[in-house]
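The structure appears below as structure tokens.
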């Protein structure tokens, strides 16, 4: 029996239940059809995101992970279905209202040349500004707190251009943290980082989740790191949910072969106690 069958999270089944779950959660989606022009990425996609947990989307390249995250962030309008944020259709919310509830760190964020770390993090406070309420002591405190929480306070006056990849990722997360939202979406936050900096960034995200109760949704490629840091895993293939649930229930040899086309053993990590995927020799040579 596959994890999809056990959890009932596959596409085309349990839609009414998924809609009810999405309404109860901070963020979720039901019946999404996602397209880029004539290219359909996903049909009838349901996403149930547990509140106050770290959820990680995993799957092979071009399976729809980042597209699904873009839909959750309202950067991509679904051709059908809906994304619900705090029980309301995200499409009906104003841009500022969304920005006060949800922060997104995209794959390749861009910043003006020469901007300092503090100025970049301060941009996270933009949704809190109004024409009658400009920069305040509360904003300053939020920026200081975000820099401290991400270990970036000592970098505050440096130019972003001077920083290493790992330092920059911390600063971008600090900006999202300064936005002070209940939901944080991260699209491949460890891309281009070496293993030590990947662990640094994911430890930071896990700590922010534990200490601040943020609902976190991430796209990750490294399956073993996803298992280590996720409370909830959503495995995707061809624009559909193949399985969803705790890593220990979802990441099995059968799932790895079905979703990734890879023969592998799955053992318990002796350090973290989470699933550890070990590809077999010539793992892709067999049908």
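Table for the structure above
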read-out: Enumeration of residues in the range 254-278 that are within 22 Å of the chain's Cα centre (by Cα) and either part of a strand (DSSP E or B) or within 16 Å of residue 237 (Cα to Cα) (or both); value: 255, 256, 259, 260, 275, 276, 277
read-out: Of all residues making up the range 119-159, the number that are buried (at least 20 other Cβ atoms within 10 Å of the Cβ) and over 24 Å from residue 213 (Cβ atoms); value: 2
read-out: Members of the range 138-158 found to be more than 23 Å from the chain's Cα centre (by Cα) and either touching a residue at least 40 places away in the same chain (Cβ under 8 Å) or farther than 21 Å from residue 101 by Cα (or both), listed by number; value: 153, 154, 155, 156, 157, 158
read-out: Checking residue 248 against (1) closer than 23 Å to residue 202 by Cβ; (2) part of a strand (DSSP E or B), the condition it does not meet; value: (2)
read-out: Filter pass, residue 196 being farther than 14 Å from residue 230 by Cα, touching a strand residue (DSSP E or B) at 6+ places or on another chain (Cβ under 6 Å) and modelled with pLDDT under 95; value: no
read-out: Criterion violated by residue 157 - all others in (1) under 28 Å from residue 49 (Cβ atoms); (2) assigned to a loop (DSSP other than H, G, I, E, B) satisfied; value: (1)
read-out: Tabulated pairs, the range 70-82, first crowded, with 19+ Cβ neighbours inside 10 Å, second assigned to a helix (DSSP H, G or I), C-beta under 6 angstrom, 6+ apart or interchain; value: 76/70; 78/71
read-out: Residue 64 at pLDDT 95 or above and crowded, with 18+ Cβ neighbours inside 10 Å; value: no
read-out: Contacts under 8 angstrom Cβ, first residue in the range 251-265 being on the phi > 0 side of the Ramachandran plot and touching a residue at least 60 places away in the same chain (Cβ under 8 Å), partner surrounded by fewer than 17 Cβ atoms within 10 Å (Cβ to Cβ) and not in a helix (DSSP H, G or I), 6 or more apart; value: 261/60; 261/284
read-out: Filter pass, residue 206 being within 23 Å of the chain's Cα centre (by Cα) and surrounded by 21 or more Cβ atoms within 10 Å (Cβ to Cβ); value: no
read-out: Condition met for residue 243 (over 27 Å from residue 168 (Cα atoms), touching a helix residue (DSSP H, G or I) at 6+ places or on another chain (Cβ under 6 Å) and outside any loop (DSSP other than H, G, I, E, B)); value: yes
read-out: Output for the range 35-60, where each listed residue is part of a loop (DSSP other than H, G, I, E, B) and touching a strand residue (DSSP E or B) at 6+ places or on another chain (Cβ under 9 Å); value: 49, 50, 51, 52, 53, 59, 60
read-out: Qualifying helices (runs of 4 or more DSSP H) (wholly inside the range 63-148; at least 1 residues being touching a helix residue (DSSP H, G or I) at 6+ places or on another chain (Cβ under 6 Å) and closer than 19 Å to residue 28 by Cβ); value: 95-101
read-out: The range 89-113, subset surrounded by 15 or more Cβ atoms within 10 Å (Cβ to Cβ) and out of contact with any strand residue (DSSP E or B) (no Cβ under 8 Å at 6 or more places or on another chain), residue nearest to residue 38 (Cα to Cα); value: 109
read-out: Any chance residue 234 is buried (at least 22 other Cβ atoms within 10 Å of the Cβ) and modelled with pLDDT of 95 or more; value: yes
read-out: Single condition residue 282 does not satisfy, out of (1) crowded, with 17+ Cβ neighbours inside 10 Å; (2) out of contact with any strand residue (DSSP E or B) (no Cβ under 9 Å at 6 or more places or on another chain); value: (1)
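The values are calculated or read from the model by the stated rules, or taken from the named source; none is laboratory data. Keep in mind it's a predicted model, so treat the numbers as computed, not measured. Cβ sites come from the backbone with ideal geometry, for glycine too, and all protein chains shown count toward neighbours.
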